[in-house]
Amino acid sequence: MTPIRRSALYLPASNARAIAKARTLPCDVVILDCEDAVAPEEKAGAREAAVAAAREGGYGDRLLVARANGLDTEWGEADLDALAGAGFDAILVPKIASAADVARYAARIGDAELWIMIETCASLFALEPIAAMAGSTRLTTIVLGTNDLAKEMRARPGRDRAPFLPFIGFAVAAARLHGLDVLDGVYNAIDDADGFVAACAQSVDYGCDGRTLIHPSQIAACNAAFTPDAAAIARAQAIVAAFAAPENAGRGALRVEGAMAERLHLDEARRLIAFAQACAMRG
């Protein structure tokens, strides 16, 4: 089935009510966070709660992901030992800076997918070797950590995120080169609905597969932004139909609805239609 990762909601694993509510929310991915959203004195309890939630289940067709603390922290080893065998679909690990970091975590997560945070200055100069680890590990997804990156860079991105745009483009290119999905970073201004819609549109324009979220109120707009609209679906269907017509057999380029369509557009049209169908099934 076509992966659907439009909306990935972070929830503190220390918050029992949030964990329970997540079973009813329309997000595609639930990320139980044992890292940034949890105070040091609550780390052990959050780990236990995350494991209990995974074993209890009830998340339906949502992907269930746990974000562990880094191996360079006092909690990382225990997190990976506990989370790896708990039944999560994926383990998300922070502050990856090199391909060697990917290998180190990949050896610790069992049968789960490996998701990685790209959020350090070092990672910007190692995007392709990091993404290439998909060929030898269970790495499937890159998650952009723009808050941590802003801190390291001392950047003030603003609404347009101008300091990050080259980085986002290269991250998406590295991911596509190696068959990975990319989730854009969080939008901090929870009450700025218009700004969030614009940010989602920017993520789509850059080729991201979805966004990470910090509040349930962001889910609907995020899902809408990353779901192909009726016009896009109709255009894709027209391209597929045109290339399937007997009179166009063997042709490499066609005029479809007043615009040129090549074989590369046919491939993308098929992908879009399959994704739209998966979204419709997901709801």
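The values are calculated or read from the model by the stated rules, or taken from the named source; none is laboratory data. Fair warning: this is a prediction, and the values are worked out from it, not measured in the lab. Every residue, glycine among them, receives a Cβ derived from its backbone with ideal geometry; neighbour counts consider all protein chains shown. To get the accessible areas, we keep the full protein, side chains included, count just its heavy atoms, and leave off ligands, DNA and RNA. Shrake-Rupley method; radii C 1.70, N 1.55, O 1.52, S 1.80 Å.
Here are some notes:
- Between Glu74 and Asp191, the FRET efficiency estimated from the beta carbon spacing at R0 = 45 angstrom works out to 0.80.
- R0 of 22 Å, Cβ-Cβ distance Ala20-Asp111: FRET efficiency to nearest 0.05: 0.25
- In terms of its C-alpha gyration tensor, segment 106-164 has a prolate overall shape, because the principal axis ratio a/c (a ≥ b ≥ c, square roots of the eigenvalues) is not below 1.5 and a/b outweighs b/c.
- For segment 26-41, putting each phi into the Karplus relation 6.51 cos²θ - 1.76 cosθ + 1.60 with θ = phi - 60° gives couplings of x, 6, 7, 9, 10, 10, 7, 9, 9, 9, 4, 7, 10, 5, x, 6 Hz, in residue order, rounded to whole numbers and with x for Gly and Pro.
- As a fraction of the 1.4 Å probe accessible area of the chain, surface on carbon and sulfur atoms comes out at 55 percent.
- Measuring only protein heavy atoms, the 1.4 Å probe finds Glu262 accessible over about 60 Å².
- The translational diffusion coefficient of segment 136-253, from Stokes-Einstein at 25 °C and 0.890 mPa s with a Kirkwood hydrodynamic radius over alpha carbon pairs, comes to 150 µm²/s.
- Degrees, to the nearest 10: 43-56 long Cα axis against longest axis of the chain: 50
- Relative contact order of segment 133-238, defined on C-alpha pairs under 8 angstrom at six or more residues apart (%): 26
- Average Cα contact separation per residue, the chain, under 8 Å, 6 or more apart, as relative contact order %: 16
- Annotation: His215 carries an accessible surface of approximately 70 Å², with a 1.4 Å probe and no ligand, DNA or RNA atoms counted.
- Potential lengthening between Met281 and Arg156 on full extension [0.36 nm per residue; Cα-Cα distance subtracted]: 41.1 nm
- The ratio of the alpha-carbon radius of gyration of the chain to the globular-protein estimate 2.2 N^0.38 Å is 1.05.
- Taken over segment 231-278, the percentage of Cα pairs per 5 Å bin, counting from 0 up to the bin with the maximum distance, is 5, 24, 35, 23, 9, 4, 0.
- Normalised alpha carbon radius of gyration of segment 68-166 [divisor 2.2 N^0.38 Å]: 1.11
- Across segment 11-80, Cα-Cα pairs more than 15 Å apart make up 46 percent of the total.
- To the nearest ten degrees, helix 165-177 and the longest principal axis of the Cα atoms of the chain are 80 degrees apart.
- Accessible surface of Lys21 - all protein chains present, 1.4 Å probe, nearest 10 Å²: 110
- Calculated mean residue ellipticity at 222 nm for the chain: -12500 deg cm²/dmol, from DSSP H runs with n ≥ 4 weighted as -39500 (n - 2.57), summed, divided by the residue count and rounded to 500.
- Overall shape: oblate for segment 153-193, with the ratio a/c of the largest to smallest alpha carbon gyration tensor axis at 1.5 or above and b/c at least equal to a/b.
- For the chain, the solvent-accessible area works out to 46 Å² per residue, with a probe of 1.4 Å and every protein chain left in place.
- Highest-MSF residue in the chain out of Ala52, Ala199, Ala134 [GNM, Cα springs under 10 Å]: Ala52
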